[in-house]
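Working notes for the structure below.
The values are calculated or read from the model by the stated rules, or taken from the named source; none is laboratory data. What you are looking at is a predicted structure, and each value in this text was computed from that prediction instead of being measured. Virtual Cβ from ideal backbone geometry, glycine too; neighbours counted across all protein chains shown. What goes into the accessible areas is simple: the full protein's heavy atoms, side chains included, and nothing from ligands, DNA or RNA. Shrake-Rupley method; radii C 1.70, N 1.55, O 1.52, S 1.80 Å.
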Amino acid sequence: MKPKFWFVLAGAAAVLALIIGLVTIFSTGTGPRGYVANTYTRAAHLDLPGDSDNRAYTSALLPSAVASQITSKWRPQSQYVDSSGIYLRYSDDAVVIKPQAPGSVIHVMDVDHAYRRYYSHVGGFWGWSSPHGESFRGRGPGVGK
């Protein structure tokens, strides 16, 4: 009777873990893009022109509070802040949070588009650790030897 009890207990634990995992995925999205889409108000009229991948959202919160919420759920690979906004870089996406009365506008886009569009802000900060710096042949001693 004891071995059957352990199999039942293990099965119940597996089902519970699956339910928790599914709830987490659906409540936070499948990455920063999904999290922003599920958490903030879609504002299609604020999408950046000429970038079909860009999605704009709004929040009544200040940019720093929005960034704190997003980074607490999805840790960025790089983060840059200046007077124009907060720039979060992830492996595939970028989240740009800018002040807009009475709160913030949040732009989610492909990281390559964000790099080109906001190069004047993030160029010296995202360049070496992003794919844009990988084409440089002199990456340091021992690389490629």
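If the condition is being open to solvent by 80 Å² or more (accessible area, probe 1.4 Å), out of contact with any strand residue (DSSP E or B) (no Cβ under 6 Å at 6 or more places or on another chain) and either under 17 Å from ARG89 (Cα atoms) or assigned to a helix (DSSP H, G or I) (or both), then the stretch 35-72 contributes ASN38, HIS45, SER72. Taking the stated definitions as given, is ALA14 at pLDDT 80 or above, among the small types (Gly, Ala, Ser) and either open to solvent by 60 Å² or more (accessible area, probe 1.4 Å) or part of a helix (DSSP H, G or I) (or both)? Here the answer is yes, as ALA14 does meet what is asked. Within the stretch 49-62, residues that are on the phi < 0 side of the Ramachandran plot have Cβ atoms under 9 Å from residues that are open to solvent by 80 Å² or more (accessible area, probe 1.4 Å) and assigned to a loop (DSSP other than H, G, I, E, B) in these pairs: ALA60/PRO102, counting only partners at least 6 apart in sequence or on another chain. Does the stretch 41-99 hold any residues that are among the aromatic types (Phe, Trp, Tyr) and under 19 Å from TYR119 (Cβ atoms), and which are they? Across the stretch 41-99, the qualifying residues are TYR80, TYR87, TYR90. Anything in the stretch 74-92 that is in a strand (DSSP E or B), open to solvent by 30 Å² or more (accessible area, probe 1.4 Å) and touching a residue at least 40 places away in the same chain (Cβ under 8 Å)? List them, or say none. Hit for the stretch 74-92 is TYR80, nothing else.
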